[in-house]
Structures are given as structure tokens and as C-alpha cells.
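Here's the structure, in C-alpha cells; my notes come after.
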Amino acid sequence: MIRLRIQVAHWPHRALVLTDTPRPDCRDCDGEGGFEHPYGDHNGEYAGTDWEPCGCWNENRRWPLMPLPRRPRCLRRRDTGRDPWGPDGSPMPYRDNDPISDGPLGNAPFGYSPESLQREALYAELDNAGVDLGAYDRRIVDWIAGWDFPTVATIASLIRRAGRAPQ
Ligand SMILES: [Zn+2]
């Protein structure tokens, strides 16, 4: 039996995946999904652990749904107001957010915006595009509004471009 769940995968990159999951009441693996076999080197020292998946699920049954943004740089930056990659940890030069693009994006838009403003921007674009929204649409838009600025600004740009009357 397949037990499909939506999970956040961290490899090869952060993404939402639909995946088979171990049976929680499995008597072989206790719902762990597999068994660890520590092995040693030629001196008998611990050298690593092999992972053997349990037969109660199939870890290869896994379908990517959508990529998730990496933790935005601006969040890290907010901790100290300093750019950890700067030559001497000097404060980042001030820079405005990139505006929502009217055309195709070749690079990630730069910026940071609080969730409330991102939500406003998304609803404004949807409104301008004349999109009718149901309760579940709004739930998803609210969820997307919590993502990092480059993701939200790109989605907002896509809505804008998709909603533009053909010329
Ligand atoms: Zn099992």
C-alpha cells in the first residue's frame, strides 16, 4: 500500500515532494522507514552507517511538486545588518528592492519585503489581472506571501505578465 504524503525534501535542493512514507505501525521498522547498520573499518573502529530501507514503503516513489526557495540572504543579513561575505564584515550598502518586473527575468530580483507587503503586492497583481479568487486561492496566496522576496517578486511578475492583454 502506498501512503503518499507531501514533505519538504532537502536534497538535491529544497523542494516540496509527494512521497511514499513508511507505515507508522510497521512491526519491522517501527515506522522509522528503515534500519541502520553501523559498520567498522579494518581496525574495528566505527566507520559509518548503512541505511537499508524497510519494505513497508518505497523511497523511490517520489515526485517533485515545486522547488522551495533557499533561506533568503536578507534574513541572515537582518541578524547583524552586516554582510558576512563582505571584505571585512562591513555593512551592506543600502539598495532599494527591485521593482516587480514587466518583462522576463534572467536573474533573481533583489530585495527584502515584509510578508504583509508581499501579500499586498500579490493581491494587487491578481486584482489588476482581473483574477477572481476563491477561499483556497487566498489561502495559497497568503502562504506564498511568506516566501522570500525573489520568489514572491517573480510570481508577482508572472501574474502581471500573464494578465497582460495580448497585443
Ligand atoms: Zn517498515
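The values are calculated or read from the model by the stated rules, or taken from the named source; none is laboratory data. Everything quoted here is computed from the prediction, not taken from an experiment. We place every Cβ from the backbone using ideal geometry, glycine too, and count neighbours over all the protein chains shown.
Just one residue in the set M92, M1 is within 16 Å of the ligand (Cβ to nearest atom) and at pLDDT below 75; that residue is M1.
Considering every residue within segment 136-143, establish whether at least one is aromatic (F, W, Y), surrounded by 12 or more Cβ atoms within 10 Å (Cβ to Cβ) and closer than 22 Å to L68 by Cβ. Checked segment 136-143: no residue is aromatic (F, W, Y), surrounded by 12 or more Cβ atoms within 10 Å (Cβ to Cβ) and closer than 22 Å to L68 by Cβ. Candidates are the residues of segment 107-135 that are among the polar types (S, T, N, Q), in contact with a helix residue (DSSP H, G or I) (Cβ under 9 Å, 6 or more places away or on another chain) and part of a helix (DSSP H, G or I); the one that is surrounded by the fewest Cβ atoms within 10 Å (Cβ to Cβ) is N128.
Please determine whether any residue of segment 26-38 is near the ligand (Cβ under 9 Å from one of its atoms), farther than 24 Å from L65 by Cα and surrounded by fewer than 10 Cβ atoms within 10 Å (Cβ to Cβ). Yes, the conditions are met somewhere in segment 26-38.
Of all the criteria given as (1) assigned to a loop (DSSP other than H, G, I, E, B); (2) more than 8 Å from the ligand (Cβ to nearest atom), the one not satisfied by A47 is (1). Per this entry, Y123 is not counted among residues that are in contact with a Phe, Trp or Tyr (Cβ under 9 Å, 6 or more places away or on another chain), at pLDDT 75 or above and among the aromatic types (F, W, Y). When D25, D30 are screened for being on the phi > 0 side of the Ramachandran plot and charged (D, E, K, R), only D30 passes. Search segment 50-62 for residues being more than 7 Å from the ligand (Cβ to nearest atom) and not polar (S, T, N, Q), and hand back the single one that is nearest to T151 (Cα to Cα). Of everything passing the filter in segment 50-62, R62 is nearest to T151 (Cα to Cα).
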